[in-house]
């Protein structure tokens, strides 16, 4: 319980720091960091491409097959479920970022 009492201060600091970052967004353009937006768009484009989506769908299908054949193997089942959750997070990340950016612009 003592460990948790010290960590909440750090978490609160990080939360406040992340909330204050948009306040300095105009200053980043003056520093010449506006090109980072173009780089971020390029990286996002890579992760939202049809090739990456096809690879993730194939991995998800493979997880389904591995789960079906290893129902009795609990260790394998845990690994397959963890991989499936990871694939779902990667797939949903681009949608989540798009929604946040749309909300931030308005």
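Computed from the coordinates by the stated procedures, all read-outs in this text should not be read as laboratory data. On a predicted model such as this, the values are computed, not experimentally measured, just so you know. A quick note on method: Cβ atoms are made from the backbone with ideal geometry, for glycine too, and the neighbour counts reach across all protein chains shown.
Here is how the numbers come out for the structure above:
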item: Projected-area mean, the range 32-105, by convex hull of Cα positions, square nanometres; result: 6.3
item: Computed FRET value (nearest 0.05) for residue 59 with residue 20, which takes r as the C-beta separation and R₀ as 30 Å; result: 0.20
